[in-house]
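The values are calculated or read from the model by the stated rules, or taken from the named source; none is laboratory data. Computed from a predicted structure; not experimentally measured. Counting neighbours? That spans all protein chains shown, and the Cβs are built from the backbone with ideal geometry, glycine included.
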Amino acid sequence: MTWLSSPAPRPGARQRLICFAHAGGSAHFYRGWAEALPDLEVHAVHYPGRAHRIDEPTATDLRGLAGEIAEGIRHLNDRPLALFGHSMGAVVAFETALRLRESGVRVSHVFASAARAPQLPGVPIGDGGPLDEDAVAEALIALGGTDAQALADPMLRELILPYVCADLIMLDAYVHRPGSRLDCPVTAIVGDADQQVGAAHADAWAEVTSGPFRRRTVSGDHFYLTPRPPFALIGEALSPLSPLSTRA
């Protein structure tokens with residue numbers, strides 16, 4: 001079972017950045033990030049049930065998924081680990097950071113991109129019954145996270161929608177454990193045109209860490225990072241000179 005891929009291993013990099021995709025997303029979402037962040041060793045998480053893990057069952061419990069990821073990456077503790085999660089991936093990154101800390105692995109920074117803080121109610125999914133795949137497809141196209149042409153192709157749609165729906169159901173079932181807090185810096189990033197996550201949702205991430213917190217608002221919608229990845233923002237936050245590099 002391979003949890004991570006790193007297209008450009010960098011033994012001399014000062015730290016690693018582990019990237020977690022959104023609901024329905026995969027490690028492929030972060031292609032090109034290693035090239036754009038030459039000072040970091042970038043890894044992307046492979047969720048089960050898609051891409052080269054398509055034959056594996058999809059995850060049904062978000063905290064259980066995070067525990068497995070933490071176990072799969074804890075050996076990378078020879079250098080500081082920063083975690084970047086987009087949308088659902090931010091919550092998975094948060095829970096993974098908690099598991100890593102429990103096992104004695106320090107997380108240097110968590111980036112929560114386009115995500116409501118884990119203690120807040122999520123965006124309602126349907127009416128509580130089975131998800132309507134047509135409605136899910138339309139919502140994904142509207143958000144900009146899934147290629148409309150792929151969803152229009154019956155064969156690709158048949159492959160994609162089952163794990164998209166599984167991720168959404170898993171996220172909907174997630175319940176934050178009161179008192180669960182990180183002790184590292186957290187940067188929340190939100191698009192100024194995001195219809196699902198607003199500034200208040202992002203600011204609430206401050207409540208789940210005892211470390212420094214900063215919210216950064218960028219131009220764009222829920223998938224602002226597709227046309228404009230926040231490379232400069234990440235580099236600045238992880239710089240040894242950043243005010244977030246030490247405890248407040």
Note on ALA204: of the conditions (1) under 15 Å from ARG116 (Cβ atoms); (2) at pLDDT 95 or above; (3) surrounded by fewer than 16 Cβ atoms within 10 Å (Cβ to Cβ), unmet is (3)
Quick test of your reading of the structure: ALA51 fulfils all but one of (1) at pLDDT 95 or above; (2) on the phi > 0 side of the Ramachandran plot; (3) not hydroxyl-bearing (Ser, Thr, Tyr). Name the failing condition by number.
(1)
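Can you tell me which residue within the stretch 1-52, out of those that are basic (Lys, Arg) and under 18 Å from the mean Cα position of the chain (by Cα), is farthest from PRO229 (Cα to Cα)?
So the first thing to find is which residues in the stretch 1-52 are basic (Lys, Arg), and the list is 10, 14, 16, 31, 50.
Adding the requirement that they be under 18 Å from the mean Cα position of the chain (by Cα) leaves 16, 31, 50.
Values: ARG16: 17, ARG31: 11, ARG50: 23 Å.
So, considering only residues that are basic (Lys, Arg) and under 18 Å from the mean Cα position of the chain (by Cα), the one farthest from PRO229 (Cα to Cα) is ARG50.
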I need a count of the residues in the stretch 46-73 that are in contact with a helix residue (DSSP H, G or I) (Cβ under 6 Å, 6 or more places away or on another chain) and not polar (S, T, N, Q).
10
Quick one: in the stretch 148-173, of everything that is farther than 14 Å from HIS22 by Cβ and touching a Leu at 6+ places or on another chain (Cβ under 6 Å), which residue is surrounded by the most Cβ atoms within 10 Å (Cβ to Cβ)?
ARG157
Since GLY235 meets every condition but one in (1) under 18 Å from ALA117 (Cα atoms); (2) surrounded by 15 or more Cβ atoms within 10 Å (Cβ to Cβ), which condition does it not meet?
(1)
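Can ARG99 be described as without any contact (Cβ under 8 Å) to a residue 60 or more places away in the chain and under 27 Å from LEU233 (Cβ atoms)?
Considered against the rule, which asks whether it is without any contact (Cβ under 8 Å) to a residue 60 or more places away in the chain and under 27 Å from LEU233 (Cβ atoms), ARG99 comes out as yes.
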Show the residue pairs meeting these rules: Cβ distance below 8 Å; 6+ apart or different chains; first residue within the stretch 131-143 and within 15 Å of ASP172 (Cβ to Cβ) and β-branched (Val, Ile, Thr); second residue at pLDDT 70 or above and buried (at least 16 other Cβ atoms within 10 Å of the Cβ).
VAL136/LEU161; VAL136/VAL164; VAL136/CYS165; VAL136/LEU168
Looking at (1) without any contact (Cβ under 8 Å) to a residue 24 or more places away in the chain; (2) in contact with a Pro (Cβ under 9 Å, 6 or more places away or on another chain), which one does HIS75 not meet, given that it meets all the others?
(2)
Out of ALA51, ALA36, ALA13, report the one residue that is out of contact with any Lys or Arg (no Cβ under 6 Å at 6 or more places or on another chain), over 19 Å from HIS86 (Cβ atoms) and surrounded by fewer than 20 Cβ atoms within 10 Å (Cβ to Cβ).
ALA13
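Taking into account only those residues within the stretch 216-248 that are of a type in the set (Val, Ile, Thr) and modelled with pLDDT of 80 or more, which is nearest to ALA21 (Cα to Cα)?
The extreme case among them is THR226.
Can you work out which of the residues in the stretch 159-210 that are among the charged types (D, E, K, R) and assigned to a loop (DSSP other than H, G, I, E, B) is nearest to PRO48 (Cα to Cα)?
Going through the qualifying residues, I end up with ARG177.
Yes or no: the stretch 73-89 includes at least one residue that is farther than 21 Å from THR209 by Cα, of a type in the set (D, E, K, R), surrounded by 18 or more Cβ atoms within 10 Å (Cβ to Cβ) and more than 12 Å from the chain's Cα centre (by Cα).
Filtering the stretch 73-89 down to residues farther than 21 Å from THR209 by Cα leaves 73, 75-76, 78-79.
Keeping just the survivors that are of a type in the set (D, E, K, R) gives 78-79.
Of the ones still in play, those that are also surrounded by 18 or more Cβ atoms within 10 Å (Cβ to Cβ) are none.
The answer is no, given that none of the residues of the stretch 73-89 is farther than 21 Å from THR209 by Cα, of a type in the set (D, E, K, R), surrounded by 18 or more Cβ atoms within 10 Å (Cβ to Cβ) and more than 12 Å from the chain's Cα centre (by Cα).
Step by step: first the residues of the stretch 49-71, then only those that are in contact with a Leu (Cβ under 7 Å, 6 or more places away or on another chain) and in contact (Cβ under 8 Å) with a residue 40 or more places away in the chain, then the one that is nearest to LEU17 (Cα to Cα). Which residue is that? Steps first, answer last, please.
Step one: list which residues in the stretch 49-71 are in contact with a Leu (Cβ under 7 Å, 6 or more places away or on another chain), which gives 59, 62, 70.
The next check asks that each one be in contact (Cβ under 8 Å) with a residue 40 or more places away in the chain; those that pass are 59, 62.
Values: ALA59: 23, LEU62: 21 Å.
In this case the residue turns out to be LEU62.
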